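Accompanying notes for the structure given below.
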Amino acid sequence: MPVTFTFGEFLSARSVIGSTLAELGETHDNLWALTPDIGATLVEFREKFPDRFLDVGLAEQVCVGIAAGLAYDGNIPVVSGMLPFLSMRALEQIRTDVCYPNLPVKIIGTHGGLVGNGGSTHYAVEDLALMCALTNMTVTSIGDPLMVGEVLRQSMAMKGPIYIRLAVGKSDQVLYQPGQHDVRIGKGIVTREGTDATIFTHGTTVAQAVQAAEALEQDGRSVRVVDMFTLKPIDADLIAQCAEETGGRFVVLEDHLAYGGLATRVADVVADRGIRLTAFERLGIPQVYAGFGGDEELRDKHGYGLAATVAATRRVLAAQP
Amino acid sequence: MTAQPLTASRDLSVAELEELSHELRTKLLELCGTYEGAVHIGGDLSAADILTVLFEYGMTVDPDDISNPQRDRFVLSKGHAAVCMYIAMAIRGFFSYEGIVSSYGQLDSAYGMHPCKVQLPGVEASTGSLGHGLPLAVGMALSARHRGQQHRVFCLLGDGETGEGSVWEAAMAARSNRLGNLVAFVDRNRQLMTSMAEERVVFEPYTDKWAAFGWNVVHVDGHDMAALVRVVDELPDPDSDRPTVVVAETVKGKGVDFMEGNLAWHAGSLGKADLERALTALNTAFEASRTQKENV
Ligand SMILES: Cc1ncc(C[n+]2csc(CCOP(=O)(O)OP(=O)(O)O)c2C)c(N)n1
């Protein structure tokens, strides 16, 4: 089934989070929003439900711990903040206080990947590896601002925790017009159809993968783009299907360490299922502390920008079975 | 290890230090007016007098001898004030100000939003994630003790930052290890990123908290240069057995009326038009404080 794709307008994912939580707060009187001094996203919720809003100040560990305590008592807490600090400072709280008792705490935040030019203290580049390692955790990474709202809504029915990763979230391009794509936690999205190779990606690099596929279209190559926005549980059936339908040619592109994130998840499925591939390339952040610079500049510098994506996909397309 | 003795702190007058502080603020605003991205200008301006007194007066450091083992160490725990530290250090002779403005935040620049020791030698620690600096400073002070060295370790924290549990774990460790060679400054501007202090997080009674951890507590107006000089002059001997915290009462955005106490200026960009407005405000405030002093 061919999927038509057009880039949409730019929206702020943060404001979508804010309005979605404010909307969900109406229907769920046990929904709480917590933050460690990163409260701008939650203003709408705070104004509507001041007694279900908690800003603990600079204290990520306690923020997650309190969320777990609230969840023990039947509440649904959303912890919103900056992911480098939530995923690392509060890692043990996430693992032991949230995941171990399998509580419905949602961790949502920004600064996933080399974004925002804050330097390595402010880039979450290991977070998906860490979160995927945690039993009971559902792990997502989202590039489309409207999709964040959809994922939050769906997650209300979940019994356990979910991690929702965004880039900066101030201005992101709409990729999926409402109703045109089936967004379901746990299922990959075929963003763009193709038959010669598949680029698997998530988050900010979905748009870049589409641009690479469009560039290769000029050469008469048909490249599929799969937005694997749920890294865990991974959509293994879709990976197997893509291997079959696109000549076993895979590129995995992500704004995360090249080892430990989606590429590792895909490679695990390939190994576990004994899928035969023709070629496999991974594009992501190498084992270096990335330094300063604009988002695109850093992707180019570290070898996973648009040009590198086109080049890697060409290599994969040229590989002989 | 043989090392050249470092020259002790320089003998600058309070008025000269005030001029240097004004220069620091002016240069901060210029950068905030030309750089396209956001600058943490509020917390830079609140820390400017503290950084000036430390780099120009209080600390024994030498820009031409940055690895001398006897130098005082400085850890910027509130790493988002990096550019204020870079410029204060530039004024002291460590770096070139032109180098900072021309490359700040650019690809491959050593001068980024948060300090990186690897990329920028002269900076003592890579920080930016709040709550890390004081533990690092405790380690450095402990090492100095162990080696029988006489230098001090200074650390600057934000008051919001002291919400992090690690700060208090370090406070306890510092007292337990009797680190009289450790001096923490808290930039007590009573603002966090998205709230005012006491609004959501209750810090008071603040100096009592440090005292309860067994620290020597000094409470000072963080914009009164004469008072800051006295604090530095009267620091306990590094061989003493209690760490010192200087709780410096400051104003976030100090010197620029439309930024002072305004949550919108935790971080921001001025642009050309507002740069003029900000510089005028800063100069007016500086002249006013000078006239006031002359009249006393
Ligand atoms: C661990 C951590 N959490 C969050 C942030 C994001 N952040 C940067 S500055 C800041 C507010 C800091 O307030 P304060 O320590 O009082 O600094 P100041 O007001 O002096 O700028 C926040 C939340 C961070 N850098 N590190």
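The values are calculated or read from the model by the stated rules, or taken from the named source; none is laboratory data. Remember, predicted model here, so these are calculated numbers, not experimental data. Note that each Cβ is placed from the backbone with ideal geometry, even for glycine, and that neighbours are counted across all protein chains shown. Protein only, heavy atoms only, side chains kept; ligands, DNA and RNA dropped before computing areas. Shrake-Rupley method; radii C 1.70, N 1.55, O 1.52, S 1.80 Å.
Which residue, of A:GLU9, A:GLU26, A:GLU44, is open to solvent by 40 Å² or more (accessible area, probe 1.4 Å), farther than 20 Å from A:VAL139 by Cβ and touching a strand residue (DSSP E or B) at 6+ places or on another chain (Cβ under 8 Å)?
On inspection, the qualifying residue turns out to be A:GLU9.
So which residues in region B:108-130 are in a loop (DSSP other than H, G, I, E, B) and away from the ligand (no atom under 16 Å from the Cβ), if there are any at all?
Hits for region B:108-130 are B:ASP108, B:SER109, B:ALA110, B:TYR111, B:LYS117, B:VAL118, B:GLN119, B:LEU120, B:GLY122, B:GLU124.
Please determine whether any residue of region A:119-138 is part of a loop (DSSP other than H, G, I, E, B) and aromatic (Phe, Trp, Tyr).
Checked against the condition, which is being part of a loop (DSSP other than H, G, I, E, B) and aromatic (Phe, Trp, Tyr), region A:119-138 yields at least one hit.
Checking the conditions here, which among B:ALA278, B:ALA248, B:ALA264 is open to solvent by 20 Å² or more (accessible area, probe 1.4 Å) and either within 16 Å of the ligand (Cβ to nearest atom) or at pLDDT 95 or above (or both)?
So the residue among B:ALA278, B:ALA248, B:ALA264 that is open to solvent by 20 Å² or more (accessible area, probe 1.4 Å) and either within 16 Å of the ligand (Cβ to nearest atom) or at pLDDT 95 or above (or both) is B:ALA264.
Which one is farthest from the other protein chains (Cβ to nearest Cβ) among residues in region A:105-124 that are under 28 Å from A:HIS181 (Cα atoms) and open to solvent by 10 Å² or more (accessible area, probe 1.4 Å)?
Only one residue fits best here, namely A:THR110.
From the list B:MET140, B:MET89, exactly one residue is away from chain A (no Cβ under 14 Å) and under 23 Å from B:ALA173 (Cβ atoms). Which is it?
B:MET140
Look through A:THR205, A:THR135, A:THR195 and report the one residue that is assigned by TED's automatic domain parsing to the domain that holds A:ARG265, surrounded by fewer than 22 Cβ atoms within 10 Å (Cβ to Cβ) and not acidic (Asp, Glu).
Being assigned by TED's automatic domain parsing to the domain that holds A:ARG265, surrounded by fewer than 22 Cβ atoms within 10 Å (Cβ to Cβ) and not acidic (Asp, Glu) holds for just one of A:THR205, A:THR135, A:THR195, which is A:THR195.
Considering only residues that are outside any helix (DSSP H, G or I) and within 16 Å of the ligand (Cβ to nearest atom), which ones fall in region B:16-60?
B:GLY37, B:ALA38, B:VAL39, B:HIS40
Would you be able to tell me the number of residues in region A:138-150 that are among the small types (Gly, Ala, Ser) and open to solvent by 10 Å² or more (accessible area, probe 1.4 Å)?
Qualifying residue count, region A:138-150: 1.
Hey, does region A:49-56 have a residue that's within 21 Å of A:GLY143 (Cα to Cα), of a type in the set (Phe, Trp, Tyr), open to solvent by less than 30 Å² (accessible area, probe 1.4 Å) and within 13 Å of chain B (Cβ to nearest Cβ)?
no
From the list A:ARG153, A:ARG184, which residue is surrounded by fewer than 17 Cβ atoms within 10 Å (Cβ to Cβ) and assigned to a loop (DSSP other than H, G, I, E, B)?
A:ARG184
Where in region A:11-118 are there strands (runs of 3 or more DSSP E), lying fully within it, with 2 or more residues that are away from the ligand (no atom under 16 Å from the Cβ) and modelled with pLDDT of 95 or more?
A:31-35, A:76-82
If you go through region B:194-212 one residue at a time, do you hit one that is basic (Lys, Arg) and open to solvent by 60 Å² or more (accessible area, probe 1.4 Å)?
For region B:194-212, residues basic (Lys, Arg) and open to solvent by 60 Å² or more (accessible area, probe 1.4 Å): present.
Among A:GLY169, A:GLY160, which is the only one that is part of a loop (DSSP other than H, G, I, E, B), touching a residue at least 60 places away in the same chain (Cβ under 8 Å) and buried (at least 22 other Cβ atoms within 10 Å of the Cβ)?
Criteria check complete, one pass: A:GLY169.
Answer yes or no: is there a residue in region B:146-162 that is part of a helix (DSSP H, G or I) and more than 14 Å from the ligand (Cβ to nearest atom).
yes
Yes/no per residue for (1) within 25 Å of the chain's Cα centre (by Cα); (2) away from chain B (no Cβ under 13 Å):
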residue	(1), (2)
A:PHE7	yes, yes
A:SER12	yes, yes
A:THR27	no, yes
A:LEU31	yes, yes
A:ASP37	yes, no
A:LEU58	yes, no
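Check whether at least one residue in region B:172-186 is assigned to a helix (DSSP H, G or I), of a type in the set (A, V, I, L, M), away from the ligand (no atom under 14 Å from the Cβ) and open to solvent by less than 10 Å² (accessible area, probe 1.4 Å), and report yes or no.
yes
Kindly list the number of the only condition in (1) in a loop (DSSP other than H, G, I, E, B); (2) in contact (Cβ under 8 Å) with a residue 40 or more places away in the chain; (3) in contact with a strand residue (DSSP E or B) (Cβ under 9 Å, 6 or more places away or on another chain) that fails for A:GLN177.
For A:GLN177, the failing item is (3).
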